[in-house]
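All remarks here apply to the structure that follows.
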Amino acid sequence: MEMQTILVVEDEREIARMVQAYLIREGYRVEVAFTGDDGWRLFQSLKPDLVILDLMLPGVHGLELARRVRQEGNVPIIMLTARAEEADRVAGLEMGADDYVTKPFSLRELAARVRAVLRRVEGGPPPQVLQAGPFHIDLAGREARLSGKLLDLTPTEFDLLAVFVRHPGRVFTRRELLEVLQDRSYATLPRTVDSHVKNLRRKIEPNPDEPSFILTMHGVGYKFRAEGG
Ligand code: CA
């Protein structure tokens, strides 16, 4: 089963990043847009399985975005609303949103709604196995293999590799990787992301001095390339 993709459109960056880190951990591929316009562009290029949509957005308003998404098909929408936006919430549901979560919400609650809505639409939880190129990751058993060979990874390295394998070709900033690790309760400083990557490279790269899987994007962060070489 393919990994399910979720698009989060939310202008409060901190909330957007928290939601992203949490749902990545839950086994989804998650992309974020901070404006309605970017949300619409990403929706068209990503073709996500679900959209989490904040109602009050700069540019294209959440309700207008919901209307456009609905015009394109049946992709489920979960709306994020403030308590004061009750009229908008009703309008959103009328516009075809599948569910809503009122701010402030718990990430656990949001994830439960996401699972429920996706189950209704597609049937089945997110996959417990990730595969990209020679990498095979069993999330439930917490085992990672490279070309069939079991890798001896620390919990941090395992989670880092899982994030990369889930998103081949995507550039991660150090900050994003840090948030994923912090979300797993690893007390981590920005520069320690670099040392975790360095250790991971030592275990997966044919030549750690010239990485072929985890590439350094100078001044930005890292990018995973499943095909290596
Ligand atoms: Ca907002």
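Please specify each residue of segment 67-101 satisfying the condition of being modelled with pLDDT of 85 or more and farther than 15 Å from residue 8 by Cα. Hits for segment 67-101 are 67, 68, 70, 71, 72.
Residues that are touching a His at 6+ places or on another chain (Cβ under 6 Å) and either at pLDDT 95 or above or exposed (fewer than 13 other Cβ atoms within 10 Å of the Cβ) (or both) are absent from segment 159-170 altogether. Close contacts from segment 60-78, counting a first residue that is outside the structural domain of residue 112 (by TED's automatic domain parsing) and among the hydroxyl-bearing types (Ser, Thr, Tyr) and a second that is surrounded by fewer than 16 Cβ atoms within 10 Å (Cβ to Cβ) and assigned to a helix (DSSP H, G or I), with Cβ to Cβ under 6 Å and a gap of 6+ residues or different chains, come to none at all.
The values are calculated or read from the model by the stated rules, or taken from the named source; none is laboratory data. Not measured: the values here are computed from a predicted model. Backbone-built Cβ (ideal geometry, glycine too); neighbour counts: all protein chains shown.
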